[in-house]
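To keep things clear, I will list the structure first and then write my remarks on it.
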Amino acid sequence: MNYGIYQSRRERSRKSYFLLLFLVTVFAAGIAYTLWRAGGAVYDYFMRSSRYDAIIRNAGLRNHIDPALIKAVVWRESRFDRRALGLKGEIGLMQIMPGSGYAAADWARAHRCRVPSKGALYDPELNIDIGSWYLGRAFYRYRKYKDAMALALCEYNAGPGRAAEWKPAATDQPVIDRITIPSTKQYVKEILKRYDYYKKEESRSAGKGVR
């Protein structure tokens, strides 16, 4: 056999081997990266519901609103995804509308500061503070009503005008059946149910702490 031909075949074989090894390595690395990202996403999904508890608690204290209610609103609005963007441009954890005429502008006027930019509204602490402030203001407006919480949620979802339309003549009358927008009615029901869940969760945690 010609030695040159043998060497050439051997060289091609070695190159093919290294090429195959390289491709296998790249493929394995791609699989590992995909699994790592998927694992991170799963972890983030299951853990992010408690990630903002401290921010929510502080915002509740500042704005005189039950943190469990704020958390229920965050759950309903964004499922705790700080990057959430609504169909109408709502931003972040509590789906704050940017620009004048909306919650961010009202909050800025009350705090005598500039209206936050769209990018700033993705910040969890600022987003939750604006949302809880707006919710706390609505709750205070209807504080004399038995269903003040439901009316505050109506205002958060459908605006102050609609909430005023739905408030009952007597402060001890229920609100839910007065809500004429089906999506808002469902919104209020879901948040109140989730609020009860978080309150029970708090009680269980407190009970364990006492023991």
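The table below lists the values:
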{"item": "Residue ID - most open to solvent (accessible area, probe 1.4 Å), chosen from residues in segment 84-101 that are touching a Lys or Arg at 6+ places or on another chain (Cβ under 7 Å) and not hydrophobic (A, V, I, L, M, F, W, C)", "result": "Pro98"}
{"item": "Qualifying positions in segment 102-117 - open to solvent by 40 Å² or more (accessible area, probe 1.4 Å) and touching a Pro at 6+ places or on another chain (Cβ under 9 Å)", "result": "Val115, Ser117"}
{"item": "Tally of residues being over 20 Å from Leu153 (Cα atoms) and either polar (S, T, N, Q) or not in a loop (DSSP other than H, G, I, E, B) (or both) across segment 86-109", "result": "3"}
{"item": "Neighbours by Cβ (under 7 Å, 6+ apart or cross-chain): first from segment 116-132, closer than 10 Å to Leu93 by Cβ and of a type in the set (Ser, Thr, Tyr); second open to solvent by 40 Å² or more (accessible area, probe 1.4 Å) and assigned to a loop (DSSP other than H, G, I, E, B)", "result": "Tyr122/Arg82; Tyr122/Arg83"}
{"item": "Top-ranked residue of segment 118-164 - restricted to ones that are among the charged types (D, E, K, R) and more than 15 Å from Asp66 (Cα to Cα), ranked as surrounded by the fewest Cβ atoms within 10 Å (Cβ to Cβ)", "result": "Lys144"}
{"item": "Tabulated pairs, segment 172-196, first farther than 17 Å from Pro67 by Cα, second open to solvent by 50 Å² or more (accessible area, probe 1.4 Å) and not basic (Lys, Arg), C-beta under 6 angstrom, 6+ apart or interchain", "result": "Thr184/Asn157; Tyr187/Asn157"}
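The values are calculated or read from the model by the stated rules, or taken from the named source; none is laboratory data. These numbers come from a predicted model, not from an experiment. As a convention, Cβ positions derive from the backbone with ideal geometry for all residues, glycine included, and neighbour counts pool all protein chains shown. These accessible areas exclude ligands, DNA and RNA; they are computed on the full protein's heavy atoms, side chains included. Shrake-Rupley method; radii C 1.70, N 1.55, O 1.52, S 1.80 Å.
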